[in-house]
Structures are given as C-alpha cells and as structure tokens.
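First the structure, in the form of structure tokens, and then the observations on it.
The values are calculated or read from the model by the stated rules, or taken from the named source; none is laboratory data. Fair warning: this is a prediction, and the values are worked out from it, not measured in the lab. Reconstructed Cβ throughout: ideal geometry from the backbone, glycine too, with neighbour counts over all protein chains shown. Surface accessibility is based on the protein's heavy atoms, side chains included, excluding ligands, DNA and RNA. Shrake-Rupley method; radii C 1.70, N 1.55, O 1.52, S 1.80 Å.
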Amino acid sequence: MSIERVTELPFLPERSQDAHKGTFGRVLIAAGSRGMSGAACLAGRGALRGGAGLVYVACPPEILPTVAAAEPSYLTIPLVEDLQGHIAETSLDILRIRAVGMSALAIGPGWGKSQGLQSLTRDLYEQIRQPMVLDADALNALAGSFDQLGRPHAGRVLTPHPGEFARMIDSDISTVQDNREDMSVDFAHRHNVVLVLKGAGTVVTDGKRLTVNPTGNPGMATGGTGDVLTGLIAALLAQGLEPFAAAQLGAWLHGLAGDLAAAERSQPGLIASDLPEFLPGAWKQYFSIQG
Ligand SMILES: NC(=O)C1=CN([C@@H]2O[C@H](COP(=O)(O)OP(=O)(O)OC[C@H]3O[C@@H](n4cnc5c(N)ncnc54)[C@H](OP(=O)(O)O)[C@@H]3O)[C@@H](O)[C@H]2O)[C@@H](O)CC1
Ligand SMILES: Nc1ncnc2c1ncn2[C@@H]1O[C@H](COP(=O)(O)OP(=O)(O)O)[C@@H](O)[C@H]1O
Ligand SMILES: [Mg+2]
C-alpha cells in the first residue's frame, strides 16, 4: 500500500464581507461529567476560537451551570445524567434530535467510564449523519469493538493519545510509540476513519494520506490541551473542511498556539486554557502563509 505524504496545509478561504454566523457552522460538543466540567469548557473554547459560528455544549445537568458560566458564548443543552454524574445512555434521543441542525459533533472529553456510555457511543457513531470527532472516553468506550461497528453516515475523526490508542487496539504504549505511523495508517485504513495519534509529532492519516504535524512542544503536556484540539477539529469540520484536512489543520493550529503560548509564558507555565487564547495568533500566521 503506497501512502501519500502530505506537507502542504489545506486551504480555508478568508471570510467574505457578507458572511454571517450560519456560514461557519454549528458545533455540538457532548462532554463532561461530575468532576470534569473543565473538559467540556475547554473543548467548547477550542471550537469557538476555531471559528465555528455557534457552539452548543451538551452535558450532564449537574455541571451545566458551571459550563455556562465559564463562557457566555456557549449555548448549552442539558442531557440526562446517571447517579455517578455521567451522561446517561438515555441521552441518545436528545442528541439525535439536536444533531439534526448541526454541522459537526464532538464527543468524549471528560465523560468518564460507564456501561451506558459504551452503547451510547456505538449508537452515535453509527446513527449521526454529521461528521464527528471522537476523543478520550468515547474512544475508551469503543475499545475492542471497532470491528463490530456499522458503517457511519459521515466522516469520523478519532483523536487518541498513545495510551488511548493502545487501549483501542489492545496493544501497549511502547509498541504504539515504536510504530506510530504504521499502526495509525493500518487502523485508519481498516476502519475507514481519520486517525489523529497525538503526542510529539502528531500523526494524521486517513489510511491513504499521512502527515506528521511539525508544530507543538512539551509545554503542551498538561491536562486539557487535548480537549481543546477536539473542539478545534470539530469547528474546522463545521466550516466545511473534509475530515483529513480538518484534522491536519487542527493539529497544526493547535501546536502553533502552543508554540506561541510557550514563547510568551514558558513551557512549564503553559496551561490548557492558554491555547484558545493563542489560537488567534496561530490563525494570523496561517492566513499570512496562505497569502
Ligand atoms: N479539566 C478536565 O476536566 C480534564 C479532563 N480530562 C479527561 O480525563 C479523562 C481521562 O483522560 P487521561 O488522558 O487523563 O487518562 P488516560 O486515558 O488514562 O491516559 C493516561 C495514559 O495515557 C498515557 N499517555 C498519554 N499521553 C501519552 C503520550 N503522549 N505518550 C505516551 N503515553 C501517553 C499515560 O502514560 P503514563 O502517564 O503512564 O506514562 C497513561 O498511561 C478523559 O475523559 C479526559 O478528557 C483530561 O483531559 C484532563 C483535563
Ligand atoms: N511533547 C509534546 N510535544 C508536542 N505536543 C504535545 C506534547 N505532549 C503533549 N502534546 C499535545 O498535547 C495534547 C494532549 O492531549 P491529551 O493527551 O488528550 O490531553 P488531555 O486529555 O489532558 O486533554 C495533544 O494534542 C498532544 O499532541
Ligand atoms: Mg485527552
């Protein structure tokens, strides 16, 4: 199998003068649980600074006031929660109905683990008609069952870190790290998804094309930075980029925001909520390169 190595960034046109928020898509992010409202907030910020026209954060009712207070730009959707404060399986109907008006979804950050989340994730993966980013506990929920999944209706972008990827394919972290490109290409090809294997030199592949992201630094090894990436890629999907392009540009902008943040605030001083703040600078560099 010959793999095309992509180095050029995808093209996203500058905004036309008469654009409105509907032009840039609606993103629905289903995220968070008791103790992990931050993951929902960070993913939402990534989507807003990624340029989505409207960002809806759907989360357990218990954490909804916290999420809404973190960012007035969010619209919020209360889901059903279980006794542990996780999103309950019975949230499926709400998510299916609300997904209809959306351009892209992102699921998984800060979900935690429960039996109900396994069937919820499988149903969302198979039934939702919009492109979708799956991260963190949505990936844990599907671990070991990717072969049994039905063909989805739209693109699926999976964003594991090496620990999550090892869990997904029943391997171990050192084997994954020794074979980052081959294992990512093999998985993406087999399951017809875009795989984003995070960590230094994030690999993005759809099984036919591959790129290794050149931006980013160890300052980004701090809780919540991956949640920002999830929302950012969803925003790029919502603006019409195809899944591989959205993942490639998302990883590049995210890493560059990390580099700009580290230059100003140092690597140890970088925290996840800095990344959305430095995304505008990353966007400026992107548009200056595009000419
Ligand atoms: N504010 C909030 O609400 C936040 C909420 N969050 C939410 O927390 C939930 C749990 O997610 P999680 O990633 O923390 O735990 P988990 O899946 O057990 O992974 C750890 C394992 O992976 C490994 N590993 C990771 N990266 C690696 C690398 N580059 N290279 C190599 N290894 C690497 C790591 O390795 P080790 O440390 O053992 O070396 C360890 O084995 C999830 O829902 C998330 O969204 C967080 O986003 C934080 C902010
Ligand atoms: N050494 C590094 N160099 C470049 N990027 C890194 C490095 N360490 C972490 N990152 C990036 O930070 C993010 C961490 O994501 P993740 O592990 O999901 O964190 P969390 O779940 O806490 O949000 C990923 O985008 C990853 O590529
Ligand atoms: Mg993560």
Review point. In the stretch 140-192, how many are among the aromatic types (Phe, Trp, Tyr) and away from ligand 3 (no atom under 16 Å from the Cβ)?
Key: 2
Review point. Quick one: how many residues across the stretch 152-166 are within 13 Å of ligand 2 (Cβ to nearest atom) and either surrounded by fewer than 18 Cβ atoms within 10 Å (Cβ to Cβ) or at positive phi (or both)?
Key: 1
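Residues checked against (1) within 30 Å of Gly112 (Cα to Cα); (2) open to solvent by less than 10 Å² (accessible area, probe 1.4 Å):
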position: Ser2; (1), (2): no, no
position: Arg5; (1), (2): no, no
position: Glu8; (1), (2): no, no
position: Gly35; (1), (2): yes, no
position: Ala40; (1), (2): yes, yes
position: Ala43; (1), (2): yes, yes
position: Arg49; (1), (2): yes, no
position: Leu54; (1), (2): yes, no
position: Cys59; (1), (2): yes, yes
Review point. In this structure, does Thr211 turn out to be farther than 22 Å from Gln118 by Cβ, in contact (Cβ under 8 Å) with a residue 40 or more places away in the chain and assigned to a loop (DSSP other than H, G, I, E, B)?
Key: no
Practice item. Could you list all residues from the stretch 150-165 that are more than 10 Å from ligand 1 (Cβ to nearest atom) and modelled with pLDDT of 95 or more? Key: Pro152, Ala154, Gly155, Arg156, Val157, Leu158, Thr159
Study note, to complete from the structure: Checked the stretch 90-110 for anything among the β-branched types (Val, Ile, Thr) and open to solvent by 30 Å² or more (accessible area, probe 1.4 Å); matches are Thr90, Ile94, Ile97, Val100
Study note, to complete from the structure: Pairs returned, first residue in the stretch 1-25 that is over 14 Å from Thr205 (Cα atoms) and without any contact (Cβ under 8 Å) to a residue 60 or more places away in the chain, second residue that is among the aliphatic types (A, V, I, L, M) and outside any loop (DSSP other than H, G, I, E, B), beta-carbon separation under 7 angstrom, 6 or more apart or interchain, are Lys21/Leu54
Practice item. Among the residues of the stretch 228-244, count how many are open to solvent by 30 Å² or more (accessible area, probe 1.4 Å) and either of a type outside the set (Asp, Glu) or within 16 Å of ligand 2 (Cβ to nearest atom) (or both). Key: 3
Exercise for review: Identify all residues within the stretch 147-192 that are assigned to a helix (DSSP H, G or I), touching a residue at least 12 places away in the same chain (Cβ under 8 Å) and among the hydroxyl-bearing types (Ser, Thr, Tyr); write none if there are none.
Suggested key: Ser184
